[in-house]
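Asker: Before anything else, here's the structure in question.
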Amino acid sequence: MAGFVRELERRAGPALRLEQRAAGGVGCVVWDAALVLAKFLETGACPLARRHVLELGAGTGAVGIMAATLGANVTVTDLEELQELLMVNIENNKHLVTGSVRAKVLKWGEDVTEFQPPPDYILMADCIYYEESLEPLLKTLRELTGPDTCVLCCYEQRTVGKNPEIERKYFELLQRDFELEKIPLERHDEEYRSEDIHIVSIHRKHRNSPP
C-alpha cells in the first residue's frame, strides 16, 4: 500500500520520519492531536527518562516514538492491522531513540495482564471518536492505571455530528474513577498548539480520601 512520510521536527537533532498510509482506517495518518501531544512531551513538562510509558491507539506511533527519543521505555499499542505500520516507524526512527520502543497488540476492553505492572505514563491522542469504544477504553484505563500513573489525553474538540455528545459522555464516565486536570494552552509547545486541541492530565481517584 502506498505510503507518504510526515516529518516531525524535534527541538534537538533530526526530525522523526513517520510513514503514513494513503488508504486505510483512522490510525493511518498523524493526526494534529498526536503532533500537539508529541511536542508537549518535548517541553519537558513530564520527566520521561527511564520511565515506563504505554501509548493507547498509537496509530503511526508518533507520540510514543517521541517519548522514546526522550529516554522513555515505551510500548506503543494498537490493533493487529496497525502493527506493520508501527514497526516500520520504529525501525525508521530507531537511531533517534535513547530509551526503548516496541509495538504490541492491545484491543481495548480485553485482557491487559501482559502490560502490567502499571506504567508511569499512558499516552492517548485522539482516541475518543467512536461511541461504541468508550466503555472498552474506560475498562482498559481502569485496569492499566496504578495510583501513580499519569494519563495524558490529547484530543481535538469537534463540533460536527455526534462528536460533542461522545466527548461529553466520555468525560462524564471518566470522572467516576479519575481526577482530570486540563493543561493550560500556554504550557503547550509554543508552535504546536491550537485553541481546539486540549491536553488533559488524568489520575486515579484516591479511594481513601474524603469525597
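Asker: Has the stretch 104-111 got at least one residue that is crowded, with 19+ Cβ neighbours inside 10 Å and more than 20 Å from L37 (Cα to Cα)?
Answerer: Yes.
Asker: Would you mind finding the one in L152, L137 that is within 26 Å of L85 (Cβ to Cβ), open to solvent by less than 30 Å² (accessible area, probe 1.4 Å) and in a strand (DSSP E or B)?
Answerer: Going through L152, L137 in turn, just one is within 26 Å of L85 (Cβ to Cβ), open to solvent by less than 30 Å² (accessible area, probe 1.4 Å) and in a strand (DSSP E or B): L152.
Asker: So E132 passes all but one of these: (1) open to solvent by 10 Å² or more (accessible area, probe 1.4 Å); (2) not in a helix (DSSP H, G or I). Which condition number does it fail?
Answerer: Single failed check for E132: (2).
Asker: Just to be sure before I move on: is G99 more than 16 Å from the chain's Cα centre (by Cα) and either open to solvent by 60 Å² or more (accessible area, probe 1.4 Å) or hydrophobic (A, V, I, L, M, F, W, C) (or both) in the structure I sent?
Answerer: no
Asker: If you scan the stretch 164-211, which residues turn out to be part of a helix (DSSP H, G or I), more than 13 Å from A33 (Cβ to Cβ) and open to solvent by less than 40 Å² (accessible area, probe 1.4 Å)?
Answerer: I166, Y170, F171, L173, L174
Asker: When both residues are 6+ apart or on different chains and their Cβ atoms are under 6 Å apart, which pairs have a first residue that lies in the stretch 104-117 and is more than 11 Å from P136 (Cα to Cα) and part of a loop (DSSP other than H, G, I, E, B), and a second that is of a type in the set (A, V, I, L, M) and open to solvent by 60 Å² or more (accessible area, probe 1.4 Å)?
Answerer: Matching pairs, first to second residue: none at all.
Asker: Another question about this same structure. Kindly list, by first and then second residue, each pair from a residue in the stretch 131-150 that is farther than 17 Å from T77 by Cβ to a residue that is among the charged types (D, E, K, R), limited to pairs with Cβ atoms under 6 Å and residues at least 6 apart or on different chains.
Answerer: Final answer for the pair search is P147/R204.
Asker: Here's a follow-up. How do the pairs read when you match residues in the stretch 21-47 that are at positive phi and surrounded by fewer than 19 Cβ atoms within 10 Å (Cβ to Cβ) with residues anywhere that are in a loop (DSSP other than H, G, I, E, B) and at pLDDT below 95, using Cβ under 8 Å and keeping only pairs 6 or more apart or on different chains?
Answerer: Pairs that qualify, where the first residue is at positive phi and surrounded by fewer than 19 Cβ atoms within 10 Å (Cβ to Cβ) and the partner is in a loop (DSSP other than H, G, I, E, B) and at pLDDT below 95, are G24/M1.
The values are calculated or read from the model by the stated rules, or taken from the named source; none is laboratory data. Bear in mind that the values here come from a model prediction, so they are computed numbers and not experimental data. Note that each Cβ is placed from the backbone with ideal geometry, even for glycine, and that neighbours are counted across all protein chains shown. Each accessible area value is taken on the protein alone, full model and side chains, heavy atoms only, with ligands, DNA and RNA left out. Shrake-Rupley method; radii C 1.70, N 1.55, O 1.52, S 1.80 Å.
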